[in-house]
Amino acid sequence: MKDTTTFHARPAGFWHDLTSVAIRALRGIWREPEATIPGIIIPIFFFVVNVGALSKVASATGIADFKAFQIPVAIVFAVTGISRASALVTDIQNGYFDRLLVSPINRLALLLGLMMADLAFCIALSVPVLILGLALGVDFATGIPGMLAFLAISGLWGLAFTGFPYAIALRTGSPAAVSSSFLLFFPFSFLTTTFLPKEALSGWLKTFSSYNPVTYLLDGLRDIITVGWQWDTLGKALLAIAIVMTLSFSMALASLKYRVSRK
């Protein structure tokens, strides 16, 4: 008698799928040094230029250690906009993403796995900038625990922003559109306390900075370095991250639903 038994692939489970997607994404990072190197060079460049050009001006505003004041800015530039969204677009264009959609893989893991890889990569990118600051004499008032918290908060901010490029990638499938997603961050990065403390700002810039989530992120990171454990400031920094994360993740999940519904 002919055996007509058929076998169907069964889901391996959410965590297995999440890990598989994250590992694949991390492996892809090291195959694309052209995407990694700018993430290190650009923030270090801005840090060196800003410290060299503005230290005397900053001292007049009451900033005792401008290097410590600028390290969080360099970190934010390092991690914001870092994502595997461009690789996701490639997968969409070559049909690999569509093949995943007809497999039993968990749909949510397709997105969250990429984001977990981004979190690890953002923390890794923060380390060289942190080392540079330490080498130049930046001293953490909170010690080693503060350095670890500094890296964790930086990674969470990078993770919070990843939802925007993923939303664009899933909705458009366009590499050009994904590349332009970093432009969303530019107004927020300069219309804040990037160069001067909030007390030194005036007019509309001071008002805008009061509603800018980057302001509270920078305040929290700076207090970890120069002041100590200021829980109210840290709480505001984490709240700012949570707000951005809620918005960007909602957009990304809606775009994922849109992409899945088309299949």
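The values are calculated or read from the model by the stated rules, or taken from the named source; none is laboratory data. These figures come from a predicted structure and were not determined experimentally. Methodologically, a virtual Cβ is constructed for each residue, glycine included, from the backbone with ideal geometry; neighbour enumeration extends over all protein chains shown.
Scanning region 170-209 for residues that are polar (S, T, N, Q) and either at pLDDT below 85 or within 27 Å of Gly146 (Cβ to Cβ) (or both) yields Ser179, Ser180, Ser181, Ser189, Thr192, Thr193, Thr194, Ser202, Ser209.
Within region 210-232, being part of a helix (DSSP H, G or I), among the aliphatic types (A, V, I, L, M) and farther than 16 Å from Leu148 by Cβ holds for Val214, Leu217, Leu218. Note on region 19-122: enclosed helices (runs of 4 or more DSSP H) holding 2 or more residues that are surrounded by 19 or more Cβ atoms within 10 Å (Cβ to Cβ) and in contact with a helix residue (DSSP H, G or I) (Cβ under 9 Å, 6 or more places away or on another chain) are 33-60, 66-79, 85-93.
Does Pro165 qualify as being buried (at least 20 other Cβ atoms within 10 Å of the Cβ) and touching a residue at least 60 places away in the same chain (Cβ under 8 Å)? Yes, satisfied.
Reported count of residues in region 254-263, each being surrounded by fewer than 18 Cβ atoms within 10 Å (Cβ to Cβ), touching a residue at least 40 places away in the same chain (Cβ under 8 Å) and assigned to a helix (DSSP H, G or I), is 3.
Phe190 passes every criterion in (1) within 25 Å of Ile42 (Cβ to Cβ); (2) touching a helix residue (DSSP H, G or I) at 6+ places or on another chain (Cβ under 7 Å) apart from (2).
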